[in-house]
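The values are calculated or read from the model by the stated rules, or taken from the named source; none is laboratory data. Just so it is clear, the model here is predicted, and its values are computed rather than measured. Cβ: placed from backbone, ideal geometry, glycine included. Neighbour counts: every protein chain shown.
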Ligand code: S3P
């Protein structure tokens, strides 16, 4: 069973995903990292050199490559789960979990860095956030991100919310995968 983490930039998809994978003893993949290693460049460079449409195409391709994984936790990019065909793919492949955080928290976390091409000025970033929420809400499960919680506390809460069959399938297949 695969678990896909979705949500806006800065919601903690990579950090929570890595920790969740450890907790479930399942492999972890970060979609942005898969794209960067396939393209041998950073996302920032890719946007600058080849533009967003090229990035979205590669994002779509690399997302599809997760079809071959039996069991994994996958952190998607902030825009992945806002395209119909990606949403349909994720819905058919596994369980989607939306890490939902207030804009003020995301802004505070990401605002200081400069490595996200779509985290721009406050007005356009807030507009992007607002326009994406309706897609994120199509996820199977929503976890509210609270500022005062550590990643492990959030993961503990997330694990309790996972349907038992998902938990068992993710653990069982990663266990049998290791023995194969
Ligand atoms: C994007 C989010 C980024 C990365 C790219 C585009 C977006 O991922 O995929 O910069 O469209 O929101 P993170 O959400 O991991 O920052």
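Note on the range 25-42: among residues that are surrounded by fewer than 16 Cβ atoms within 10 Å (Cβ to Cβ) and within 11 Å of the ligand (Cβ to nearest atom), the one that is nearest to the chain's Cα centre (by Cα) is 33.
Does residue 109 satisfy the condition of being out of contact with any helix residue (DSSP H, G or I) (no Cβ under 9 Å at 6 or more places or on another chain) and closer than 20 Å to residue 20 by Cβ?
Against the criterion (out of contact with any helix residue (DSSP H, G or I) (no Cβ under 9 Å at 6 or more places or on another chain) and closer than 20 Å to residue 20 by Cβ), residue 109 qualifies.
Of all residues in the range 106-117, those satisfying the criterion of being within 11 Å of the ligand (Cβ to nearest atom) and at pLDDT below 90 are 109, 110, 113, 115, 116, 117.
Taking the range 1-26 as the range and being in a helix (DSSP H, G or I), more than 16 Å from residue 70 (Cα to Cα) and in contact with a strand residue (DSSP E or B) (Cβ under 7 Å, 6 or more places away or on another chain) as the test, the residues that pass are 13, 14, 16, 17, 18, 20.
Would you mind finding the one in 59, 45, 52 that is surrounded by 15 or more Cβ atoms within 10 Å (Cβ to Cβ) and either within 13 Å of the ligand (Cβ to nearest atom) or in contact (Cβ under 8 Å) with a residue 12 or more places away in the chain (or both)?
The conditions single out 59.
In the set (1) assigned to a helix (DSSP H, G or I); (2) loosely packed, with under 15 Cβ neighbours inside 10 Å; (3) within 12 Å of the ligand (Cβ to nearest atom), the condition left unmet by residue 120 is number (1). Inspect all residues belonging to the range 5-15 and state whether any of them is touching a helix residue (DSSP H, G or I) at 6+ places or on another chain (Cβ under 8 Å) and away from the ligand (no atom under 12 Å from the Cβ). Scanning the range 5-15, I find no residue that is touching a helix residue (DSSP H, G or I) at 6+ places or on another chain (Cβ under 8 Å) and away from the ligand (no atom under 12 Å from the Cβ), so the answer is no.
Restricting the range 64-92 to residues that are touching a residue at least 60 places away in the same chain (Cβ under 8 Å) and part of a helix (DSSP H, G or I), which is nearest to residue 136 (Cα to Cα)? Selected residue: 81. Of all the listed residues (131, 100), the sole one being at pLDDT 95 or above, within 12 Å of the ligand (Cβ to nearest atom) and over 16 Å from residue 62 (Cα atoms) is 131. Return yes or no: is residue 95 within 14 Å of the ligand (Cβ to nearest atom) and either buried (at least 18 other Cβ atoms within 10 Å of the Cβ) or part of a helix (DSSP H, G or I) (or both)? No: the conditions fail for residue 95.
Residue 85 falls short of the stated requirement of being surrounded by 15 or more Cβ atoms within 10 Å (Cβ to Cβ) and modelled with pLDDT of 95 or more.
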